[in-house]
1. From Val94, Val71, which residue is modelled with pLDDT of 95 or more and assigned to a loop (DSSP other than H, G, I, E, B)?
2. Filtering region 90-108 down to residues that are over 14 Å from Asp61 (Cβ atoms) and loosely packed, with under 15 Cβ neighbours inside 10 Å, which residue is farthest from the chain's Cα centre (by Cα)?
3. Going by what's in this entry, would Thr41 be described as touching a residue at least 24 places away in the same chain (Cβ under 8 Å), among the hydroxyl-bearing types (Ser, Thr, Tyr), assigned to a loop (DSSP other than H, G, I, E, B) and in contact with a Cys (Cβ under 7 Å, 6 or more places away or on another chain)?
4. Restricting to region 68-106, name every residue that is in contact with a strand residue (DSSP E or B) (Cβ under 9 Å, 6 or more places away or on another chain) and on the phi > 0 side of the Ramachandran plot.
5. Which pairs turn up if I take residues in region 56-71 that are within 11 Å of His100 (Cβ to Cβ) and look for partners that are small (Gly, Ala, Ser) and in a loop (DSSP other than H, G, I, E, B) with beta carbon separation below 8 Å, at least 6 apart in sequence or on another chain?
6. Only residues that are within 8 Å of ligand 1 (Cβ to nearest atom), more than 12 Å from the chain's Cα centre (by Cα) and among the acidic types (Asp, Glu): list them for region 52-80, please.
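The values are calculated or read from the model by the stated rules, or taken from the named source; none is laboratory data. Keep in mind that what you see is a predicted model, and the values were worked out from it rather than measured. Note that we place each Cβ from the backbone using ideal geometry, even for glycine, and neighbour counts take in every protein chain shown.
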Amino acid sequence: MADDERPGAAQWVPAGAGIDQLAKAARDCQGCELYRDAIQTVFSKGSPTARVVFVGEQPGDQEDRQGAPFVGPAGRLLDRALEEVGISPNDCYVTNAVKHFRFERASSGSRRIHKTPEVAHIEACRPWLDAELAILDPEVIVILGATAGRALIGPSFRVTKQRGTAIPVPGDDDEDAARKLGFMVPTVHPSAVLRADNQDQAFEAFVRDLKVAAALLS
Ligand code: URA
Ligand code: SF4
C-alpha cells in the first residue's frame, strides 16, 4: 500500500463486536500505513463498563513494545494525577485516537522518536474509536490533548481554550438527549506536562482539569 493510500479501518471493524473482539480484530488492521513500522496494534486497557474514558493520541515507544496504552512515562504521570483527584483505575477505560505508534528513527541509530499523527491517520483510525464509544457508556470522556480533541470534537478544537470545561456529548436525536450522553472534558496531553518548562505548575493545571471530570461523576 502506498503512503497516500489510506482506506481507513472500517473494513477491519467487525459488526456487533464487544471490546475484546474489537481489540483482537484491530491486530490485523491495515487501514493506514502505520501498521507497517510499528511492532503491534495498541488497543485499550480497562473495563468496558468504566465511568471515565480517557482518549490519548497514539501509543508511544513503550506502549508499542508492551502492547498496552499509557504504560510509559506519560502513563505514569496520568496515574499520579488520577490518584490525586481520587479517580480509581478500576473506573477507567483508556484508549488512543490512533492505535499504532508513528515515529521516525534518530539519525544516529535505533532510537525511535515520536512523530505526531496526521489528520489522515486520525481519520483512518476513527472507526475503531467510534466502535469503542458505541459500546462504552461513560459519564465522562477525558480528551487528552489536540489529537484526541480533533478526533472527538473536530477541527475547531483548541485545547488552550477548551481545557477544563465540561462539554455535553452531542446526540443524534431527542432520544439521545433524553438518555444523557455525559460530558467530554478536554485537557492537555500528559506528555505536554512532562515537556513543560515548569512541570509543577503544568501538573497542577492538569490536575485542576481532571478535578472537573471527577466532579461530574455522580
Ligand atoms: N501517549 C498517548 O497518547 N498514548 C499512549 O498510550 C501513550 C502515550
Ligand atoms: Fe489501522 Fe489505526 Fe493502525 Fe492505521 S493506525 S493501521 S487505521 S489501527
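1. Values: Val94 fails: assigned to a loop (DSSP other than H, G, I, E, B).
Result: Val71 is the single residue among Val94, Val71 that is modelled with pLDDT of 95 or more and assigned to a loop (DSSP other than H, G, I, E, B).
2. Filtering first and then ranking leaves Ser108.
3. Values: touching a residue at least 24 places away in the same chain (Cβ under 8 Å): yes; among the hydroxyl-bearing types (Ser, Thr, Tyr): yes; assigned to a loop (DSSP other than H, G, I, E, B): yes; in contact with a Cys (Cβ under 7 Å, 6 or more places away or on another chain): yes.
When the stated conditions are applied, Thr41 passes them.
4. Residue satisfying the conditions is Phe70 alone.
5. Taking only residues 6 or more apart or on different chains, the pairs are Gln58/Ala97; Pro59/Ala38; Glu63/Gly72; Asp64/Ala38.
6. Of everything in region 52-80, just one residue is within 8 Å of ligand 1 (Cβ to nearest atom), more than 12 Å from the chain's Cα centre (by Cα) and among the acidic types (Asp, Glu), namely Glu63.
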